[in-house]
1. Farthest toward the dipole's positive end in the chain, which of L81, Q285, A366, given Cβ charges of +1 (Lys, Arg) and -1 (Asp, Glu) about the Cα centre?
2. Only bridges whose two residues both fall in the chain count here: according to DSSP, what percent of them are antiparallel, nearest 5?
3. Using the Kirkwood radius built from alpha carbon pairs, what does the Stokes-Einstein equation give as D for segment 126-258 at 20 °C and 1.002 mPa s, in µm² per second?
4. Given the Cα-Cα distance of A404 and L149 and 0.36 nm per residue of separation, how much length would full extension add, in nm?
5. Under 9 Å from the Cβ of R418, count the other residues' Cβ atoms, weight Lys and Arg +1, Asp and Glu -1, and hand me the total.
6. Name the aspartates and glutamates eligible as straight-distance cross-link partners of K386: C-alpha to C-alpha under 13 Å, and not fewer than 8 places from it in the same chain.
7. So what's the back-of-envelope 222 nm ellipticity for the chain, counting only DSSP H runs of four-plus at -39500 (n - 2.57) apiece and dividing by all residues, rounded to 500?
8. Between the alpha-carbon centers of segment 1-56 and segment 187-206, tell me the distance in whole angstrom.
Amino acid sequence: MSGAKWDVAVIGAGPAGLAAAIAANKAGARVCLVERESRPGGILKQCIHDGFGLVRFGQKLSGPEYAWRDIQLAKERGIKLFTDTFLLELEAREEGFVLTLQNSEQAVFQIVTRALVAATGCRERSARQVFIHGQRPAGVYTAGTVQRLINIGGHLPGKNCVILGSGDIGLIMARRLTLEGAKVQGVYEIKAEPSGLTRNIVQCLEDYNIPLHLGATVTKVHGSERVEAVTISQVDENLRALPGTEEYVPCDTLVLSVGLIPENDMLLPLGVQIDPRTGGPAVDQLMATGQAGLYSCGNALHVNDLVDYVSESGEIAGSSAARFSLGKPDRPCHLPVIPQGDIQYVVPQKLDIAAGGQAVLYFRSARTIANASLEISAGGQVLLQKKYKAVRPPEMERIVLDLALLPPGTEELSLNLRG
Ligand SMILES: Cc1cc2nc3c(=O)[nH]c(=O)nc-3n(C[C@H](O)[C@H](O)[C@H](O)COP(=O)(O)OP(=O)(O)OC[C@H]3O[C@@H](n4cnc5c(N)ncnc54)[C@H](O)[C@@H]3O)c2cc1C
């Protein structure tokens with residue numbers, strides 16, 4: 001029952017998917033955008049704080065303001081948007097990708113597309129994934145759920161809160177809960193360093209006198225119907241709770257900000273290679289996965305801290321998908337990109353040297369290093385060097401490499417970060 005045919009289909013209408021759809025449309029492709037929620041904009045719909053768009057627009061915008069620009073542009077360009085539409089099944093066939101979709105208007109239906117962009121964002125790690133003891137009382141939420149309840153639903157989920165994890169969403173919600181009149185007892189982080197951006201530590205915790213406790217975690221949730229308290233324990237260098245350090249902290253709400261997981265389950269049946277370091281598909285600089293015609297971008301590719309780079313990767317994925325679908329497929333010739341020294345991960349994981357031009361490389365350091373230096377080399381030659389006053393794991397770095405610098409016969413490219 002194969003249905004309407006598209007050049008490019010994009011799954012997910014967050015900032016990555018919107019940018020991909022617009023770029024593919026600008027390149028001349030017939031594009032459709034599939035979104036499971038009733039409005040486009042992705043996570044930005046609930047991010048009413050500002051700080052979005054500094055790189056892309058040179059302006060400090062709120063999440064909805066940032067998303068609005070691309071939503072309007074997509075409308076003006078007549079891009080087909082399927083909302084409230086859920087992807088049930090994805091299959092790769094000779095004619096392209098067959099997507100089985102479901103919505104209340106068309107029930108179960110199929111579309112066929114030559115190229116597909118996966119822009120499905122991330123999901124939040126939950127209580128089960130951090131192994132906290134206790135029953136399962138009401139009052140345990142992920143930070144994104146709290147954000148949605150307050151900013152979209154107008155509900156305050158609790159009045160006396162503990163936040164576990166110092167990721168950016170948790171820091172932002174510590175401030176938001178305080179502004180809404182709740183008491184935030186503190187943010188507890190198991191590692192020795194916060195995992196959020198420095199600007200969020202300052203603007204969301206220090207400015208509101210919210211304490212940040214490092215090397216501490218929640219080991220037990222008390223209460224059967226509703227959270228009544230949590231036990232906090234200090235941890236050793238292996239992040240194991242230290243007996244005798246337990247502290248009983250009364251509260252009615254536990255907010256978890258313990259990490260994001262790129263959402264790629266729908267790609268697994270296609271046998272797409274997932275990089276265990278990023279949780280996203282391994283791609284080249286055109287955002288092409290190993291599966292011909294399949295592209296990935298945004299937080300589904302790797303967790304970004306700035307939406308501007310999410311949109312940038314969407315634009316690259318969308319224009320590459322259009323090129324593929326319009327019969328000008330890239331003929332890849334791949335060179336592996338090897339992270340060395342103190343690099344946690346690099347995206348892309350490989351370079352298509354036949355594509356030429358410039359490649360944007362995103363990387364994160366594995367630890368905080370003052371006066372760090374990055375060296376990019378290939379075939380025994382140093383191609384690029386860069387010094388950093390400091391690098392920190394929460395802050396993603398971006399660097400542009402001119403592929404013309406690669407010496408002939410190069411077999412791999414390495415990025416080495418040292419203190
Ligand atoms: C709380 C919070 C605060 C942030 N603060 C900042 C900030 O201050 N400054 C900044 O620059 N960045 C910030 N960011 C980061 C930025 O918002 C994200 O990096 C960005 O929104 C990710 O975009 P995305 O399009 O990849 O994913 P998302 O925005 O998550 O969009 C993915 C979309 O895909 C849809 N989808 C998923 N699966 C399917 C499916 N199977 N079928 C159909 N649709 C599907 C989802 O419904 C969603 O709409 C923040 C993020 C969060 C969560």
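1. Result: L81, furthest along the dipole toward the positive end.
2. 60
3. Here the translational diffusion coefficient equals 148 µm²/s.
4. 86.8 nm
5. Residues near R418 contribute -2 overall.
6. E375, E397
7. -5000 deg cm²/dmol
8. 31
Throughout, read-outs are computed from the coordinates displayed, never taken from laboratory work. Please read all numbers here as calculations on a predicted model, not as lab measurements. Ideal geometry is used to build each Cβ from the backbone, glycine not excepted, and the neighbour counts take in all protein chains shown.
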